[in-house]
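Comments concern the structure below.
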Amino acid sequence: LVHPDDRELVAESTRAAIRAGETFDLDHRIQLRSGAVLYVRHQGACLPDESGRPRRVFGTMQDVTQRTLAEQRLRLSAQVFENVSDAIFVTDPQLLIVEANRAFEVATGYSKGQVLGKDPSFLAIADQGMWNAVVERGFWNGEAWARRQDGVVFPTRLSVTLVRDI
(Lines give C-alpha, C1' and ligand atoms only; values in the text may rest on other atoms or scores of the structure.)
Protein backbone atom coordinates (compact mmCIF):
# COMPACT_ATOMS: atom_id res chain seq x y z
CA LEU A 1 0.00 0.00 0.00
CA VAL A 2 3.00 2.32 0.18
CA HIS A 3 2.53 5.21 -2.25
CA PRO A 4 4.72 4.68 -5.35
CA ASP A 5 6.59 7.96 -4.78
CA ASP A 6 7.49 6.93 -1.22
CA ARG A 7 8.47 3.29 -1.77
CA GLU A 8 12.22 3.90 -2.01
CA LEU A 9 12.20 6.02 1.16
CA VAL A 10 10.34 3.32 3.10
CA ALA A 11 12.52 0.53 1.71
CA GLU A 12 15.77 2.35 2.50
CA SER A 13 14.61 3.26 6.01
CA THR A 14 13.69 -0.36 6.66
CA ARG A 15 16.97 -1.67 5.22
CA ALA A 16 19.01 0.81 7.28
CA ALA A 17 17.17 -0.22 10.46
CA ILE A 18 17.83 -3.90 9.70
CA ARG A 19 21.54 -3.29 8.97
CA ALA A 20 22.02 -1.25 12.13
CA GLY A 21 19.70 -3.30 14.30
CA GLU A 22 17.85 -0.13 15.17
CA THR A 23 14.34 1.24 14.94
CA PHE A 24 12.91 3.31 12.13
CA ASP A 25 10.45 6.17 12.39
CA LEU A 26 9.18 8.02 9.33
CA ASP A 27 6.14 9.67 7.83
CA HIS A 28 5.03 8.62 4.36
CA ARG A 29 1.96 8.08 2.24
CA ILE A 30 -0.05 5.00 1.54
CA GLN A 31 -2.50 4.61 -1.29
CA LEU A 32 -5.65 2.61 -0.63
CA ARG A 33 -7.27 0.41 -3.24
CA SER A 34 -9.95 3.10 -3.61
CA GLY A 35 -7.20 5.50 -4.73
CA ALA A 36 -7.40 7.58 -1.54
CA VAL A 37 -4.05 8.70 -0.17
CA LEU A 38 -3.38 8.71 3.57
CA TYR A 39 -0.37 10.02 5.46
CA VAL A 40 0.95 7.62 8.09
CA ARG A 41 3.52 7.62 10.85
CA HIS A 42 5.42 4.34 10.38
CA GLN A 43 7.51 3.09 13.28
CA GLY A 44 9.21 -0.25 13.52
CA ALA A 45 12.18 -2.34 14.48
CA CYS A 46 14.04 -5.45 13.46
CA LEU A 47 14.08 -8.46 15.75
CA PRO A 48 17.32 -10.41 15.18
CA ASP A 49 17.87 -14.10 15.77
CA GLU A 50 20.59 -15.50 18.05
CA SER A 51 23.27 -14.88 15.43
CA GLY A 52 22.22 -11.25 14.92
CA ARG A 53 20.61 -11.79 11.54
CA PRO A 54 17.20 -10.21 11.02
CA ARG A 55 14.47 -12.63 11.95
CA ARG A 56 11.43 -10.39 11.89
CA VAL A 57 10.59 -6.75 11.16
CA PHE A 58 7.61 -5.43 13.05
CA GLY A 59 6.03 -2.07 13.57
CA THR A 60 2.99 0.14 13.67
CA MET A 61 1.36 2.71 11.44
CA GLN A 62 -0.73 5.59 12.67
CA ASP A 63 -2.96 7.69 10.41
CA VAL A 64 -1.60 11.25 10.58
CA THR A 65 -3.46 12.55 7.53
CA GLN A 66 -5.36 15.30 9.35
CA ARG A 67 -2.24 16.51 11.15
CA THR A 68 -0.19 16.47 7.93
CA LEU A 69 -2.84 18.36 5.94
CA ALA A 70 -3.16 20.91 8.76
CA GLU A 71 0.62 21.40 8.74
CA GLN A 72 0.55 21.90 4.96
CA ARG A 73 -2.23 24.50 5.30
CA LEU A 74 -0.26 26.22 8.05
CA ARG A 75 2.87 26.39 5.86
CA LEU A 76 0.78 27.80 2.99
CA SER A 77 -0.79 30.42 5.28
CA ALA A 78 2.67 31.41 6.53
CA GLN A 79 3.89 31.86 2.94
CA VAL A 80 0.88 34.01 2.07
CA PHE A 81 1.34 36.11 5.23
CA GLU A 82 5.01 36.62 4.53
CA ASN A 83 4.62 37.44 0.81
CA VAL A 84 1.42 39.51 0.64
CA SER A 85 2.03 43.12 -0.38
CA ASP A 86 -0.04 44.54 2.50
CA ALA A 87 1.77 45.38 5.72
CA ILE A 88 0.44 43.11 8.47
CA PHE A 89 1.19 42.75 12.14
CA VAL A 90 -0.51 40.55 14.74
CA THR A 91 -0.94 41.24 18.44
CA ASP A 92 -1.68 38.99 21.37
CA PRO A 93 -4.62 39.56 23.77
CA GLN A 94 -2.50 42.09 25.67
CA LEU A 95 -2.11 44.06 22.40
CA LEU A 96 1.60 43.37 22.10
CA ILE A 97 2.99 42.62 18.64
CA VAL A 98 3.78 38.91 18.18
CA GLU A 99 4.27 38.78 14.40
CA ALA A 100 4.88 41.08 11.44
CA ASN A 101 5.49 40.45 7.75
CA ARG A 102 8.09 41.78 5.31
CA ALA A 103 5.70 44.34 3.83
CA PHE A 104 5.31 45.76 7.34
CA GLU A 105 9.07 46.15 7.61
CA VAL A 106 9.22 47.94 4.25
CA ALA A 107 6.27 50.24 5.00
CA THR A 108 7.33 51.25 8.51
CA GLY A 109 11.11 50.94 8.43
CA TYR A 110 11.00 48.80 11.57
CA SER A 111 12.38 45.27 11.53
CA LYS A 112 10.28 42.53 13.04
CA GLY A 113 12.81 42.21 15.86
CA GLN A 114 12.37 45.87 16.76
CA VAL A 115 8.60 45.61 17.23
CA LEU A 116 8.02 42.17 18.73
CA GLY A 117 6.60 42.50 22.23
CA LYS A 118 5.71 46.18 21.78
CA ASP A 119 2.37 47.96 21.91
CA PRO A 120 1.61 49.05 18.30
CA SER A 121 0.32 52.48 19.31
CA PHE A 122 3.71 53.98 18.41
CA LEU A 123 2.96 53.20 14.75
CA ALA A 124 -0.26 55.12 14.22
CA ILE A 125 -1.83 58.35 15.26
CA ALA A 126 -5.35 57.11 15.89
CA ASP A 127 -8.28 58.44 17.78
CA GLN A 128 -10.17 56.58 20.49
CA GLY A 129 -13.13 56.11 18.11
CA MET A 130 -11.13 53.64 16.04
CA TRP A 131 -10.30 51.47 19.06
CA ASN A 132 -13.88 51.71 20.36
CA ALA A 133 -15.15 50.43 16.99
CA VAL A 134 -12.72 47.51 17.09
CA VAL A 135 -13.90 46.53 20.57
CA GLU A 136 -17.61 47.00 19.78
CA ARG A 137 -17.83 45.59 16.24
CA GLY A 138 -14.66 43.53 16.04
CA PHE A 139 -13.20 45.54 13.16
CA TRP A 140 -12.44 49.01 11.82
CA ASN A 141 -11.54 50.19 8.32
CA GLY A 142 -10.52 53.67 7.38
CA GLU A 143 -7.77 56.16 6.82
CA ALA A 144 -5.29 57.12 9.51
CA TRP A 145 -1.88 58.65 9.96
CA ALA A 146 1.07 56.36 10.59
CA ARG A 147 4.63 57.08 11.67
CA ARG A 148 7.69 55.42 10.13
CA GLN A 149 10.78 54.63 12.13
CA ASP A 150 12.48 57.71 10.70
CA GLY A 151 9.68 59.91 12.12
CA VAL A 152 7.96 60.63 8.82
CA VAL A 153 4.18 60.73 9.23
CA PHE A 154 2.19 59.45 6.26
CA PRO A 155 -1.46 58.73 5.43
CA THR A 156 -2.43 55.09 5.25
CA ARG A 157 -5.46 52.91 4.82
CA LEU A 158 -5.94 50.66 7.85
CA SER A 159 -7.97 47.58 8.42
CA VAL A 160 -8.04 46.38 12.01
CA THR A 161 -9.73 43.08 12.83
CA LEU A 162 -10.19 41.54 16.23
CA VAL A 163 -9.71 37.76 16.18
CA ARG A 164 -10.83 35.86 19.28
CA ASP A 165 -10.63 32.30 20.52
CA ILE A 166 -7.77 31.02 18.41
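The values are calculated or read from the model by the stated rules, or taken from the named source; none is laboratory data. Because the structure is a prediction, the values reported are computed rather than measured. FYI the Cβ positions are ideal-geometry reconstructions off the backbone, even for glycines, and counts take in every protein chain you see. Accessible surface areas use protein heavy atoms only, side chains included; no ligands, DNA or RNA. Shrake-Rupley method; radii C 1.70, N 1.55, O 1.52, S 1.80 Å.
Annotations for the structure displayed:
- Accessible carbon and sulfur surface of the stretch 25-67 relative to its total accessible area, %, 1.4 Å: 49
- By accessible area, using a 1.4 Å probe on protein heavy atoms only, the stretch 77-146 has 57% of its surface on carbon and sulfur.
- Prolate/oblate/rounded call for the stretch 73-166, Cα gyration tensor, a/c under 1.5 rounded: oblate
- Amide H contacts under 5 Å for Phe24, placed H, 5+ residues apart: Gly44, Ala45
- In percent, rounded to a whole number, the relative contact order of the chain is 11, using alpha-carbon pairs under 8 Å and six or more apart.
- 3J(HN,Hα) along the stretch 34-48, derived from phi through the Karplus expression 6.51 cos²θ - 1.76 cosθ + 1.60 where θ = phi - 60°, amounts to 6, x, 5, 10, 10, 9, 10, 9, 10, 10, x, 8, 10, 9, x Hz, with x in place of Gly and Pro.
- Using only side-chain charges placed at the Cβ, +1 for Lys and Arg and -1 for Asp and Glu, the dipole size of the chain relative to its Cα centre rounds to 360 debye.
- Cα centroid of the stretch 49-65 to Cα centroid of the stretch 112-153, whole Å: 58
- Gain on full extension, evaluated as 0.36 nm per residue between Met61 and Leu47 minus their Cα-Cα distance, stands at 3.3 nm.
- Helix 65-83 and the long axis of the chain differ in direction by around 40°, with both axes built from C-alpha atoms.
- For the stretch 113-123, backbone phi angles converted through the Karplus equation (6.51, -1.76, 1.60; θ = phi - 60°) give residue-by-residue couplings of x, 6, 10, 4, x, 9, 6, x, 4, 5, 8 Hz, Gly and Pro being listed as x.
- Label point distance in nm, Glu99-Glu136, each placed 7 Å from Cα along Cα→Cβ: 3.0
- Largest first and in whole Å, the equivalent-ellipsoid semi-axes of the chain read 53, 17, 14, each the square root of five times a Cα gyration tensor eigenvalue.
- Residues in the chain average 69 Å² of solvent-accessible surface per residue, probe 1.4 Å, ligands and nucleic acids excluded.
- Interchain or long-range residues, amide H under 5 Å from Val57's placed H: Leu47
- At the listed q of 0.18, 0.23, 0.24 Å⁻¹, the Debye profile of the stretch 8-90, built from one uniform point per Cα, gives log10 I(q)/I(0) equal to -0.83, -1.05, -1.09.
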